[in-house]
Amino acid sequence: MPFVPLVVNKPFQTLVEEDGTIVILDQTRLPAEVVFQRLSTLDQVVHAIRSMQVRGAPLIGATAAYGVAIGLADKADVLAHIIDTLAATRPTAVNLNWALSRMQSVLAALPTQDRLTAAWQEARAIAAEDATANAAIGQHGIQLLRQIALTNKPVNVMTHCNAGWLATVAHGTALSPIYAAHAAHIPLHVWVSETRPRNQGLLTAWELAQADVPHTLIADNAAGLLLMQGRVDCIIVGADRIAANGDTANKVGTYLKALAANAHGVPFYVAAPLSTIDFDCANGAAIPIEQRAAAEIGAGNTPVANPAFDVTPAALISGIITQRGITLPAALHTLRS
Ligand code: MRU
């Protein structure tokens, strides 16, 4: 039975820690239903990530970090097994590996009996830092929207997939500047791309409706026409992995939007926390692309290819918005700490 707390007592949050468990907002049930699930075993955390009950690169990372703590409570001596099991859930979002490496380096240095408490502490820190980073992305990204608003009102922003608060611990990445601008009374309208085959655009539409941000849902293939007609001032998308040279993996369909934006002189921005940058990955060709089930496309016996992500070359990206500011892809190395 799903755990369903009263929404008034537990406002819409993607992930909440509670008594040695976590409670997640089940994104496979949205936007039709708001259902929370309690995860109290490693298997449940693995299932939640793999089945996309939790999804979006930063949220996958934070959930996996809590998954380590939950796994340790069960089997305190098998840290490596817990980390390997979580790492195998989804391949493209580097935040998963980033969070697990961080947990590994903190915990492996400790005696077994101290690991459980430290795991909860580190998972909490990862979650809190994600919320802080995404709020800062909003404050940097708002400058771009403010600039456009000097000449174009409302500012027409296009996005793809869901890179809002649902995809993170809080605030979102691509939607964070939009929420910041809306709060600052900058007139806005968001073109929300449906994002086949899993329709994460409906999650974005749901989020924007909660926040009263004007928006319009479009079929993915309508984006080119809107860009050609001058009805888009900028595109902001999230990222699942940004290579050292700025090539960026995001939900499949992102690359086509970047190409069309480039053809029509529309700026194309990527918003992501530093945890999404993989400095060990030289370029986009080295980014692993998740291949998902044929059933998501649902073509009976027809052979199906279902890559879940694509790679937008750095040359098509106007800027990468992180918690440190807006950086040209060619200058990404300056963010390496
Ligand atoms: O397969 P998903 O739904 O996890 O993919 C999500 C995306 O591609 C998002 O755009 C990306 O993770 C950025 S999340 C802030």
Average accessible area per residue (Å²) across region 254-336 - probe 1.4 Å, nucleic acids and ligands excluded | 46
By average C-beta atoms within 10 angstrom, highest first, the peptides 318-325, 15-22, 167-174 | 167-174, 318-325, 15-22
For region 6-129, report the accessible area per residue in Å² (1.4 Å probe, heavy atoms, rounded to an integer).
-> 40
Remind me, relative contact order of region 139-335 in percent, using alpha carbon pairs under 8 angstrom and six or more residues apart?
-> 21
Could you calculate, for region 147-216, the ratio of the Cα radius of gyration to the Kirkwood radius, expressed as Rg to Rh?
-> 0.96
Student exercise, the chain dipole from Lys, Arg, Asp, Glu Cβ charges, in Debye to nearest 20 = 580
State the answer as a single residue: which of Ile326, Val45, Val157 lies farthest towards the positive end of the charge dipole of the chain, with beta carbon charges of +1 for Lys and Arg and -1 for Asp and Glu, about the Cα centre.
-> Val157
Taking Cα pairs closer than 8 Å and at least 6 residues apart, the relative contact order of the chain in percent is 16
Of all accessible surface on the chain at a 1.4 Å probe, what whole percent is carbon and sulfur?
-> 55
Any idea what the dipole of region 244-328 comes to, in debye rounded to 20, about its Cα centre with Lys/Arg Cβ at +1 and Asp/Glu Cβ at -1?
-> 220
In region 242-277, which chymotrypsin sites (Phe, Trp or Tyr not before Pro) fall in coil by DSSP and have 14 or fewer other Cβ atoms within 10 Å?
-> none
Can you give the % of DSSP beta bridges in the chain that are antiparallel, to the nearest 5?
-> 50
May I ask you to list the aspartates and glutamates whose Cα is less than 19 Å away from that of Lys75, ignoring any residue fewer than eight positions away on the same chain?
-> Asp19, Asp43, Asp84, Asp114, Glu122
Alpha carbon centre of region 60-82 versus region 289-329: separation in Å?
-> 28
Calculate the all-directions average of the projected area of region 139-335's alpha-carbon convex hull, and give it in nm².
-> 10.9
In the neighbourhood of Arg29 defined by beta carbon distances under 14 Å, the net charge of the other residues (Lys, Arg +1; Asp, Glu -1) is 0
In Hz, Karplus ³J(HN,Hα) per residue of region 239-251 (6.51, -1.76, 1.60; θ = phi - 60°; x = Gly, Pro) = 8, 9, 7, 10, 6, 4, 8, x, 4, 10, 8, 8, 3
Per residue, the convex hull enclosing the alpha carbons of the chain has a volume in Å³ of 136
With only Lys, Arg, Asp and Glu charged, each at its Cβ (+1 for the first two, -1 for the last two), find how big the charge dipole of region 139-335 is about the Cα centre; round to the nearest 20 debye.
-> 320
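The values are calculated or read from the model by the stated rules, or taken from the named source; none is laboratory data. Quick caveat, the model's predicted, so the values are computed rather than measured. Counting neighbours? That spans all protein chains shown, and the Cβs are built from the backbone with ideal geometry, glycine included. Ligands, DNA and RNA are excluded from the accessible area calculation, which covers all protein heavy atoms including side chains. Shrake-Rupley method; radii C 1.70, N 1.55, O 1.52, S 1.80 Å.
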